[in-house]
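Working notes, structure below.
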Amino acid sequence: MTLGMAGRPTARIEVEGLTLASAAGDILVNDVDLAVSSGEIVALVGESGSGKSLTALAILGLLPRGIMWRGGRVRLNGTDVTGLAGPHASIRGRQIAAIFQDPQASLDPRWTVGRYLTGQFRRYGATSQRAARAAAVDMLARVGLGDPARILGAFPHELSGGMAQRVMIAGALAAGPQFLIADEPTTALDVTTQAQILDLLEDLQADTGLGVLLITHDLGVVAEMAQRVAVLYGGTVMETGEAADVLGAPWHPYTQALLASMPDLAQPAPPRPISGSPGDRLAAGTGCPFQPRCRDAIALCAQRPPSVVVSGSHRAACHRSEPRLPHGFGGDKTQPQTSGYPLPAAGTSSAERRHVG
Amino acid sequence: MTTVSATRPERMTRASAAVRKPLLKVEGLNKSFGRTVACRNIDFTLYPGEVIGIVGESGSGKSTLLNCLSGRLAPDAGSIAYDLRRGSEDAPLVDILTLSEPERRMLMRTDWGFVHQNPRDGLRMAVSAGGNIGERPMAIGARHYGDIRREAEDWLARVEIDIDRIDDKPRVFSGGMQQRLQIARNLVTRPRLVFMDEPTGGLDVSVQARLLDLLRGLVRDLGIAAVVVTHDLAVVRLLADRLMVMWRGDVVEAGLTDQVLDDPHHPYTQLLVSSVLQA
Ligand SMILES: Nc1ncnc2c1ncn2[C@@H]1O[C@H](COP(=O)(O)OP(=O)(O)OP(=O)(O)O)[C@@H](O)[C@H]1O
Ligand SMILES: Nc1ncnc2c1ncn2[C@@H]1O[C@H](COP(=O)(O)OP(=O)(O)OP(=O)(O)O)[C@@H](O)[C@H]1O
Ligand SMILES: Nc1ncnc2c1ncn2[C@@H]1O[C@H](COP(=O)(O)OP(=O)(O)OP(=O)(O)O)[C@@H](O)[C@H]1O
Ligand code: SF4
Ligand code: SF4
Ligand SMILES: [Mg+2]
Ligand SMILES: [Mg+2]
Ligand SMILES: [Mg+2]
């Protein structure tokens with residue numbers, strides 16, 4: 001366990017060399033390193049099917065049947081919690097809460113929201129049924145669900161998609177977790193409701209030191225929320241670093257292409273998708289997974305690219321990083337061709353940024 | 001706020017819409033659940049080949065409206081008239097609420113598609129990806145295994161799922177792959193009207209961009225009409241000719257997409273537009 005600035009131990013999830021395979025032997029996640037410290041929001045982004053959800057499930061010890069653990073460790077506050085079940089499962093359950101990609105499937109259709117939420121609060125410390133109910137009402141308000149009486153009495157099928165998603169978020173936060181792994185937590189939400197949820201996560205981050213691993217396809221959300229980002233492609237980390245560096249000055253061809261494919265409300269042109277399709281990738285371990293689609297590919301790319309320091313903690317796994325490096329060293333960073341994602345100006349509060357009250 | 005210019009260069013002019021026969025005409029649609037009014041007095045008309053977008057706050061009644069329109073949920077009041085093209089071209093529209101259950105089911109399988117908010121609701125999880133796509137063609141009479149298989153491969157490619165995965169069950173697909181499979185399963189029979197509830201939710205931007213291209217192409221080339229619920233205004237901009245904004249069960253604003261987004265009147269629409277442009 002490392003010591004934080006105040007001399008307090010800093011809680012930390014560390015993933016090292018995570019490698020997962022399908023029953024047929026295809027490598028789905030290849031040697032992924034990832035860390036989340038308390039008080040930090042780390043975003044995991046990347047192509048559909050790139051292994052984001054599997055990485056999250058591996059950390060939680062909840063891998064589906066048919067997924068094989070091929071290598072790597074998961075540590076929670078220094079303790080090895082690698083594996084599917086065992087004595088660490090309960091520690092992990094209390095300290096790491098999770099919001100899954102599919103909310104309705106995670107709620108038991110036979111239980112009312114009230115029974116589910118009060119159950120969660122009782123399990124994690126509420127001393128009476130009344131206290132649990134009060135806590136549930138309070139949490140529902142924080143996720144933007146007014147009319148708690150109706151919501152608590154409702155069954156999952158009586159909720160709208162976005163309501164179910166927020167009930168699940170409320171349930172996950174009941175444990176007062178150190179960490180939250182949130183897989184697409186706001187996909188079913190309209191932007192104003194989404195802003196409220198993101199504000200709640202930011203508040204918890206500031207007030208309780210919650211650490212968040214945020215899986216999302218919304219790069220706008222990443223730019224607003226995350227301190228650090230890891231970009232996955234074909235189960236491999238392509239680029240990682242401070243969010244401002246990765247999004248503002250993307251180094252890796254895949255990250256550049258990803259940013260270029262974003263639909264832009266203020267631009268009179270449809271978004272430009274990356275050429276090729278996600279299926280076009282080299283089998284893990286035989287070279288750079290992005291090679292079949294990469295405009296910058298060279299012969300060397302048939303070999304696995306090294307992870308190269310761009311600057312500070314900003315790293316990219318690309319053969320082309322090396323020749324470009326000298327421009328980036330010695331202080332100021334080389335400007336890549338792509339203009340990065342417009343980051344919010346430093347110092348504006350999230351409420352100002354999003355214009356919602 | 002800076003005005004945002006039109007974004008669909010190839011958009012068709014709909015000047016002839018006024019004289020065309022509507023595909024779907026909704027009048028006075030109401031639906032409540034106990035004290036909760038999910039849809040209040042909804043009226044609108046959809047023309048062939050037209051795309052209407054519906055945006056609105058979480059819980060504002062968007063999915064409920066789609067469920068009523070597609071005959072999956074009975075409204076408390078109102079009529080939903082659809083051009084069944086029974087008999088002659090200018091046969092009158094028929095209220096789908098008066099159809100028998102088998103008639104409605106046939107309509108769902110042939111003329112209509114429904115892309116659910118949650119892919120699990122729209123897929124057969126125990127059937128292979130190829131089987132999911134082949135089901136609709138088979139339901140309307142396709143029998144040749146090779147043809148069905150080729151069609152399934154073609155659609156997997158269109159939604160960017162590796163053809164090697166054709167025999168996998170959707171259970172082993174990632175969230176975004178399930179969503180794309182659901183879209184392929186619905187569009188394979190080229191329905192005349194598709195209802196889509198958050199079709200691009202949970203998809204990464206690159207795949208989303210291509211899917212939007214695909215949907216735009218289908219709308220343009222095959223004249224598919226669609227009602228699309230989404231919270232993503234960029235999707236609305238690219239896909240929808242007209243836009244309806246829902247708020248607590250009411251349609252509070254409706255009009256041409258660009259007009260509504262560039263000059264929003266209702267406070268909720270203003271909030272929506274400003275929060276996106278700020279992000
Ligand atoms: N239970 C499973 N059995 C076999 N393969 C699986 C299983 N779950 C996922 N996979 C495969 O592993 C790969 C990575 O899936 P994962 O769900 O982690 O993707 P993802 O990055 O979360 O994508 P999305 O953004 O679409 O949710 C995919 O190719 C998927 O088909
Ligand atoms: N298949 C790809 N492989 C690698 N990089 C890509 C790919 N597709 C797009 N990109 C990246 O996305 C960025 C934008 O792509 P685009 O096709 O618009 O090129 P461009 O020359 O920058 O065009 P323009 O000058 O019109 O902006 C490029 O800088 C490129 O690095
Ligand atoms: N079967 C049902 N029983 C009771 N109430 C319901 C039922 N279905 C929907 N509702 C309620 O009707 C309202 C509208 O729900 P609907 O699912 O249409 O919202 P939505 O606009 O699709 O929201 P979201 O964007 O979150 O999916 C909500 O208050 C919801 O709780
Ligand atoms: S390693 Fe080669 S193929 Fe991979 S992203 Fe870099 S240049 Fe492209
Ligand atoms: S000089 Fe470097 S970047 Fe250029 S082709 Fe040779 S290896 Fe590739
Ligand atoms: Mg996923
Ligand atoms: Mg460019
Ligand atoms: Mg809905």
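The values are calculated or read from the model by the stated rules, or taken from the named source; none is laboratory data. The structure presented is a predicted model; accordingly, all values stated were derived computationally and were not measured. Note that each Cβ is placed from the backbone with ideal geometry, even for glycine, and that neighbours are counted across all protein chains shown. Quick note on the areas: whole protein, heavy atoms, side chains included, nothing else; ligands and nucleic acids left out. Shrake-Rupley method; radii C 1.70, N 1.55, O 1.52, S 1.80 Å.
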Quick one: Karplus J couplings for region A:145-152, per residue in order, coefficients 6.51, -1.76, 1.60, θ = phi - 60°, nearest Hz, x for Gly and Pro? 9, x, 6, x, 4, 5, 5, 5
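Sorted by accessible area with a 1.4 angstrom probe, largest first, how do B:177, B:106 fall?
In descending accessible area the options line up as B:106, B:177.
Which shape class, rounded, prolate or oblate, goes with region A:111-173 when its Cα gyration tensor gives a ≥ b ≥ c as root eigenvalues, a/c under 1.5 marks rounded, and past that a/b bigger than b/c marks prolate?
Because a/c hits 1.5 or more and a/b exceeds b/c, region A:111-173 counts as prolate.
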Return a whole-number percent for the relative contact order of region A:111-173, with Cα pairs under 8 Å and 6 or more residues apart as the contact set. 43 percent
Going from most exposed to least, what order do B:162, B:90 have by accessible area with a 1.4 Å probe? B:90, B:162
Residue-wise, which Karplus ³J(HN,Hα) couplings in Hz belong to region A:239-255, taking 6.51 cos²θ - 1.76 cosθ + 1.60, θ = phi - 60°, and x for glycine or proline? 8, 8, x, 4, 4, 4, 6, 5, 7, x, 9, x, 9, 6, x, 5, 4
Please give the average number of partner chain Cβ atoms lying within 10 Å of the Cβ of each residue in A:162-171, rounded to a whole number. 2
Which whole-number percent gives the relative contact order of chain B, counting Cα pairs below 8 Å spaced six or more residues apart? 25 percent
Pairs of lysine residues in chain B - Cα separation under 29 Å, sequence separation of 8 or more or cross-chain: 4
Using the membrane-span-like helix rule (whole DSSP H runs, Cα extent along the own axis of at least 18 Å, mean Kyte-Doolittle hydropathy at least 0.0), which helices of chain B qualify? B:205-222
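Decide, for region B:126-187, between rounded, prolate and oblate: order the square roots of the alpha carbon gyration tensor eigenvalues as a ≥ b ≥ c, take rounded if a/c falls under 1.5, and otherwise choose prolate if a/b is larger than b/c, else oblate.
Prolate, because a/c is 1.5 or more and a/b exceeds b/c.
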Show me you know the interface measure: the accessible area buried between A and B, both chains summed, probe 1.4 Å, in Å² to the nearest 100. 3700 Å²
Using the Cα centre as the reference, give the magnitude of the dipole from point charges on the C-beta atoms of chain B (Lys, Arg: +1; Asp, Glu: -1; all else neutral), rounded to the nearest 20 debye. 520 debye
Applying 1/(1 + (r/R0)^6) with R0 = 25 Å to the Cβ-Cβ distance of residue A:123 and residue B:125, what FRET efficiency is obtained, to the nearest 0.05? 0.25
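Quick check: with the 1.4 Å probe, what order do A:81, A:237 take by accessible area, largest first?
A:237, A:81
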How far apart, in nm, are the 7 Å Cα→Cβ label points at residue A:147 and residue A:207? 2.6 nm
If amide H atoms are built 1.01 Å from N in the plane of the peptide, which residues on other chains or at least 5 residues away come under 5 Å of the amide H of residue A:98? A:181
Across the residues of A:181-194, average count of Cβ atoms on other protein chains within 10 Å? 6
